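Some notes on the structure that comes next.
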Amino acid sequence: NAGVMQNPRHLVRRRGQEARLRCSPMKGHSHVYWYRQLPEEGLKFMVYLQKENIIDESGMPKERFSAEFPKEGPSILRIQQVVRGDSAAYFCASSQDRRNTGELFFGEGSRLTVL
Amino acid sequence: KQEVTQIPAALSVPEGENLVLNCSFTDSAIYNLQWFRQDPGKGLTSLLLIQSSQREQTSGRLNASLDKSSGRSTLYIAASQPGDSATYLCAVTGGGNKLTFGTGTQLKVEL
């Protein structure tokens, strides 16, 4: 049973370009969470999605960031017109249901560097 | 708004030493508290999860305690080894299965 798969593991973009980060949850999991880890900071919640629905996007920046989790395929975190401050590690986690168990399985992260 | 603080930010100890990592949180309305390990360039590995009704959990050389009313948790590592070197993160679970993380303690165990 493969774990949470994220790709790319490393991504370099120039200012103004777009970044797309993908996350395939564990088999059987239909709940996906995105977290961002800025340098020297803890992980911060960004968004929680279930298939075809955004459940909680309270941690998403208001502009340039969007997330989706289509019926088929991976969840995608999209960052438009990247700026240097977007450089961070973006982690995806999945869970089987939405009970408040804290039992999230994390991927190894996608590390975005904006030049 | 929940805030989680971890002390110390970094710790260096000789091999074999017992050590304690501290975590505090401001809102006691949590479902559980979890300790993770993060290796450089890697994801997070859950070490111990303590339900809000529990006081402690143990796994091998690790013991985590929870005092929900005072908003504190400790992670005790016995007989530390170089392989324990990593960043240790504390996280509390709030509504919506949302985790709030501390900034971590970077541990180095030296030979």
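Where a number appears in this text, it was derived from the coordinates with a stated rule and is not lab data. Remember, predicted model here, so these are calculated numbers, not experimental data. In this analysis, Cβ positions are derived from the backbone assuming ideal geometry, glycine residues included, and neighbour counts consider all displayed protein chains.
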- Item | Chain lengthening between A:Thr113 and A:Met5 when straightened (0.36 nm per residue, less Cα-Cα) | 36.9 nm
- Item | Exposure proxy order (Cβ contacts within 10 Å, fewest to most) of A:Met60, A:Met46, A:Met5 | A:Met5, A:Met60, A:Met46
- Of the residues A:Gln81, A:Asn53, A:Phe91, the Cα lying farthest along the dipole of the range A:49-108 towards its positive end, which is defined by charges on the beta carbon of Lys, Arg, Asp and Glu, belongs to A:Gln81
- PRE zone check, label point 7 Å out along Cα-to-Cβ of A:Ile76, amide N under 11 Å, scope the range A:19-54, hits A:19-23
- Query: Counting Lys and Arg as +1 and Asp and Glu as -1, what is the net charge of the other residues whose Cβ lies under 11 Å from the Cβ of A:Lys71?
  - Reply: -2
- Using a Förster distance of 30 angstrom, determine the FRET efficiency expected from the C-beta separation of A:Glu18 and B:Thr26, and round it to 0.05. 0.20
- Pick from A:Gly85, A:Gly59, A:Gly102: which residue has the top mean-square fluctuation in a GNM of chain A where Cα pairs under 10 Å get a spring? A:Gly102
- Computed FRET value (nearest 0.05) for B:Ser53 with A:Lys62, which takes r as the C-beta separation and R₀ as 35 Å: 0.40
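What do you get for GluC sites (Glu not before Pro) in the range A:24-111 restricted to DSSP loop and a cutoff of at most 11 other Cβ within 10 Å of the site's Cβ?
A:Glu40, A:Glu52, A:Glu63, A:Glu72
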- Note on the structure: Taking Lys and Arg as +1 and Asp and Glu as -1, residues besides B:Ser85 with C-beta under 13 Å from its C-beta add up to -2
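Residue separation times 0.36 nm, minus the C-alpha to C-alpha distance between A:Glu52 and A:Arg99: what's the value?
Gain in length upon complete extension: 15.0 nm.
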